[in-house]
1. What tally of residues in the stretch 8-50 results from selecting those that are under 10 Å from the mean Cα position of the chain (by Cα) and over 30 Å from Lys83 (Cβ atoms)?
2. Select from the stretch 43-53 the residues that are surrounded by 13 or more Cβ atoms within 10 Å (Cβ to Cβ) and either over 16 Å from Gln94 (Cβ atoms) or in contact with a Gly (Cβ under 8 Å, 6 or more places away or on another chain) (or both) and list them in ascending order.
3. Filtering the stretch 63-82 down to residues that are in contact with a strand residue (DSSP E or B) (Cβ under 9 Å, 6 or more places away or on another chain) and buried (at least 16 other Cβ atoms within 10 Å of the Cβ), which residue is farthest from Ala23 (Cα to Cα)?
4. Count, please, the residues in the stretch 15-38 that happen to be surrounded by fewer than 17 Cβ atoms within 10 Å (Cβ to Cβ) and of a type in the set (A, V, I, L, M).
5. Mind checking which pairs have a first residue in the stretch 76-93 that is on the phi > 0 side of the Ramachandran plot and a second that is surrounded by 11 or more Cβ atoms within 10 Å (Cβ to Cβ) and of a type outside the set (Ser, Thr, Tyr), Cβ under 6 Å, 6 or more apart or different chains?
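What follows is calculated from the coordinates using simple rules that are stated; it is not laboratory data. Just so it is clear, the model here is predicted, and its values are computed rather than measured. So basically every Cβ, Gly included, is an ideal-geometry build from the backbone, and we count neighbours across all protein chains shown.
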Amino acid sequence: MLVSKYRFKVFKNSKTQKVVADAFRETEMQYKIKIKEFLFGDDYAHVHMEVNVPNNLSTNQSVQILKSHSASKVFKEIPNFIKRYSKKHFWGGQYSNSSVGPVGENIIQNYIRRQDVSYEPFLQHEGEGHQTKLQFN
């Protein structure tokens with residue numbers, strides 16, 4: 001879980017959601033960090049994700065990569081954010097993480113999926129009104 005600085009509700013804005021999601025996808029491809037689940041929190045101030053970290057990176061390195069790349073992209077794509085974050089610190093210093101084995105993975109995925117805010121482009125429409133979460137791959 002990553003939290004926006006000062007817990008500002010920045011993810012109410014769909015453009016911010018898109019910029020952050022695109023940055024995470026770019027990071028995933030460049031660093032081979034596998035994002036298995038990803039949703040914005042119901043308070044619009046944090047994101048939940050399940051991530052597989054490659055062996056060549058530590059958890060802390062992976063978090064720093066995700067946070068720094070997405071922050072850079074946010075300030076580049078949405079220049080007005082510099083007014084809110086004058087020191088260009090988009091993410092709060094805290095984050096939450098834990099290791100998950102195969103047994104606990106379903107519990108984590110269900111928790112992430114129960115978040116109230118979904119990012120529409122991650123949903124693909126199938127048939128008549130059914131929606132399925134688009135997997136990061």
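1. So the count comes out to 2.
2. Taking the stretch 43-53 first, the residues surrounded by 13 or more Cβ atoms within 10 Å (Cβ to Cβ) are 43-51, 53.
Of everything in the stretch 43-53, those that are surrounded by 13 or more Cβ atoms within 10 Å (Cβ to Cβ) and either over 16 Å from Gln94 (Cβ atoms) or in contact with a Gly (Cβ under 8 Å, 6 or more places away or on another chain) (or both) turn out to be Tyr44, Val47, His48, Glu50, Val51, Val53.
3. Residues of the stretch 63-82 that are in contact with a strand residue (DSSP E or B) (Cβ under 9 Å, 6 or more places away or on another chain), as a first pass: 63, 66-68, 70-71.
Remaining after also requiring buried (at least 16 other Cβ atoms within 10 Å of the Cβ): 63, 66-67, 70-71.
Working: Val63: 13, Leu66: 8, Lys67: 9, Ser70: 5, Ala71: 8 Å.
Only one residue fits best here, namely Val63.
4. 1
5. Short answer, once both residue conditions are applied: Lys88/Phe75.
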